[in-house]
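I have placed the structure first, in the form of structure tokens, so that the comments after it can refer back to it.
What follows is calculated from the coordinates using simple rules that are stated; it is not laboratory data. These numbers were taken from a predicted model, which means no experiment stands behind them. Cβ placement follows ideal geometry from the backbone for every residue including glycine, while neighbour counts extend to all protein chains displayed.
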Amino acid sequence: MLDETQDRIVEPIHDSKKKLLIATDNFLPRWDGIARFLSEIIPRLAAHYEITVIAPDCGTYEDPNIKLIKIPLTKLFRVGDFRIPSIKISIINEAVRSSNIVFSQTIGPIGYFAIKAAKRYKRPVAAFIHSIEWDLVPKAMDNALLKKYSRILAKVVARKAYNRCSLLIMPSNSVSDTFAWNNVRARTEIVNLGVDTQKFRPLENIDSRKDLRAKLGIQEDDIVLGYHGRIGREKDLMTLLRAFTRLQLYRPNIKLLIVGDGIESIKKSLSRKNVLLVGSKNNPVPYLQIMDIYCLTSLTETTCLSMLEAMACGLAVVSTEVGFIKSYIRNNVNGLFFDKQNPYHLAKQIERIINDPVLKKRICENARKTVVERFSWDKTAIGIEKALDSIKR
């Protein structure tokens with residue numbers, strides 16, 4: 001049942017340090033791209049804002065930089081591997097009324113009603129666009145009928161929510177164009193995501209690589225394909241599994257390392273010989289560093305933070321040509337593309353990298369160079385702060 005309060009307008013709050021409410025439908029300790037984004041951005045914004053985060057109760061988490069308001073999760077409703085938070089409108093309303101600026105990360109129950117409340121209480125509201133909901137939601141479902149109607153519903157809800165915003169912060173021009181083509185008319189600013197390239201870097205200690213590989217049962221001469229991120233339907237990991245199975249026919253020393261968690265049925269399908277499912281890791285760096293080739297088979301992405309992190313670790317990457325990825329990866333220069341849902345083409349591209357050390361070296365070096373030169377969390381935080389400043393009253 002909806003927990004609603006009576007509509008009323010309050011006067012803006014005046015304070016020396018602005019009160020920023022971050023509204024999100026996913027948060028730590030559940031790791032995904034949004035959670036990693038917030039874990040990097042919040043400490044950088046904390047010097048300028050008094051930060052409150054309203055988020056689902058995904059487990060125990062403490063951060064001295066924030067006040068955390070937890071919303072319980074529903075027991076029954078899921079979209080893919082995502083459990084939907086309860087609708088607690090009175091709690092959301094109170095959090096919005098106590099803020100100066102609302103910064104939404106999603107348009108699930110928390111993000112959507114925070115945007116709605118911001119308009120009601122005349123609080124400026126910005127939204128960071130992490131995904132294209134009408135593309136993501138249907139791909140996260142396995143029921144054909146739900147896929148069809150969820151796309152229509154997601155587009156209607158997204159358009160309504162985002163057109164209420166004072167500002168949309170987009171991760172790329174391509175995402176901004178997609179929203180404009182779908183009649184989302186709010187003002188936009190472009191702010192790229194970042195990577196901590198001091199943390200995500202190639203491994204320099206060869207012994208550490210050998211030790212972790214040994215713990216996982218990986219031999220020194222094994223070729224390790226890898227993926228890091230959520231295990232969801234839209235990630236299309238079955239295409240990766242099929243390509244891997246094809247390669248195994250003539251490369252017995254190849255292994256597949258999956259770092260992440262998600263839908264149980266997909267995890268069960270991935271549970272094969274020489275497929276290593278290590279679960280979600282707070283620090284995925286050591287696992288990325290022992291991979292040889294990083295594979296992204298996603299059907300939809302905006303920026304794909306996990307791809308940037310893999311590139312920062314100096315990995316050769318093979319990816320679908322989706323979202324902003326097609327702008328920062330140059331085929332045959334800092335990565336390779338393959339056709340969506342085509343395991344044969346993916347296997348051929350992986351084989352090219354294995355068979356051509358010169359190509360692999362060029363891709364690895366250029367991949368890291370791309371991230372170092374273009375993607376920084378400090379730049380992201382500065383961009384977000386400027387964008388939020390532009391809507392302060």
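Report the gain in length on full extension from GLU204 to THR60: 0.36 nm times residue separation, minus Cα-Cα distance, nm rounded to one decimal. In short, 48.4 nm is gained.
Using alpha-carbon pairs under 8 Å, 6+ residues apart, how would you state the relative contact order of the chain in percent?
Working: 762 pairs, mean separation 57.6, N = 393.
Relative contact order of the chain: 15 percent.
Considering helices alone, the calculated mean residue ellipticity of the chain at 222 nm is -12000 deg cm²/dmol, with DSSP H runs of length four and up weighted by -39500 (n - 2.57) and normalised per residue. For LYS340, the aspartates and glutamates whose Cα comes closer than 13 Å to its Cα, not counting residues fewer than 8 places off in the same chain, are GLU234, ASP236, GLU301, GLU321. Across GLY383, GLY111, GLY194, mean-square fluctuation computed from a Gaussian network of the chain (C-alpha pairs under 10 Å connected) peaks at GLY383. Principal-axis analysis of the Cα atoms of the chain puts helix 377-389 at an angle of about 20° to the longest axis. Just list whichever of LYS210/LYS267; LYS139/LYS326; LYS18/LYS122 have alpha carbons separated by over 18 Å in the model shown. As for pairs spanning more than 18 Å Cα to Cα, those are LYS210/LYS267; LYS139/LYS326. Working note: Karplus 6.51/-1.76/1.60 with θ = phi - 60° gives the range 91-100 the couplings 5, 5, 4, 5, 5, 5, 4, 8, 10, 9 Hz, where Gly and Pro are set to x. As a ratio to 2.2 N^0.38 Å, the alpha-carbon radius of gyration for the range 206-374 is 0.94. In this structure the amide hydrogen of LYS340, modeled in the peptide plane, comes within under 5 Å of the amide hydrogens of GLU321, none closer than 5 places in sequence on its chain. What does the charge count near LEU168 come to, summing +1 for each Lys or Arg and -1 for each Asp or Glu among other residues with Cβ under 10 Å from its Cβ? Result for the local shell: +1. Listed by chain and number, the aspartates and glutamates placed with their C-alpha closer than 19 angstrom to that of LYS379 are GLU40, GLU189, ASP196, GLU309, ASP389; residues fewer than eight positions away on the same chain are left out.
With a cut-off of 8 Å between alpha carbons and a minimum separation of six or more residues, what is the relative contact order of the range 206-374 in percent? Display every interim value, and only then the final one.
On the way: 289 pairs, mean separation 36.9, N = 169.
22 percent.
Alpha-carbon geometry of the chain: the Rg and the Dmax are 21.4, 70 Å, given in that order. Residue ranges 347-355, 119-127 sort as 119-127, 347-355 when ordered by packing (mean number of other C-beta atoms within 10 Å per residue, highest first). Under the combined filter of DSSP loop state and at most 15 neighbouring Cβ atoms within 10 Å, the range 140-237 retains these GluC sites (Glu not before Pro): GLU204, GLU220.
Counting Lys and Arg as +1 and Asp and Glu as -1, each charge on the Cβ, what is the dipole of the chain about the Cα centre in debye, to the nearest 20? Don't jump to the answer; show the numbers that get you there.
Details: 62 positive and 42 negative charges, 165 e Å.
In debye, rounded to 20, the chain gives about 800.
Per-residue 3J(HN,Hα) values for the range 167-182, derived from phi via the Karplus relation 6.51 cos²θ - 1.76 cosθ + 1.60 with θ = phi - 60°, read 7, 10, 9, 9, x, 6, 5, 5, 5, 4, 4, 4, 5, 5, 5, 9 Hz in sequence order (x marks Gly and Pro). Residues whose amide H falls under 5 Å from that of LEU68, counting only those 5 or more places apart or on a different chain, are VAL53, with hydrogens built in the peptide plane.
For the range 345-351, the Karplus equation 6.51 cos²θ - 1.76 cosθ + 1.60, evaluated at θ = phi - 60°, returns couplings of 5, 4, 4, 5, 5, 4, 4 Hz by residue, with Gly and Pro reported as x. Which aspartates and glutamates, if any, have their Cα less than 14 Å from the Cα of LYS119, not counting same-chain residues under 8 positions apart? Straight-distance partners of LYS119: ASP7, GLU11, GLU94.
Given the pairs LYS70/LYS116; LYS17/LYS116; LYS67/LYS147; LYS360/LYS386, which span a C-alpha to C-alpha distance of over 29 angstrom in this model? In this structure, LYS67/LYS147; LYS360/LYS386 exceed 29 Å between Cα atoms. The packing ranking of peptides 333-340, 57-64, 179-186, highest mean first, is 333-340, 179-186, 57-64, where packing means the average number of other beta carbon atoms within 10 angstrom of each residue.
Less than 5 angstrom separates the built amide H of LEU73 from those of ASP57, SER86, all sequence-distant by 5 or more or on a different chain. Full extension of the chain between MET238 and VAL372 yields a length gain of 45.1 nm, computed as 0.36 nm times the residue separation minus the alpha carbon distance.
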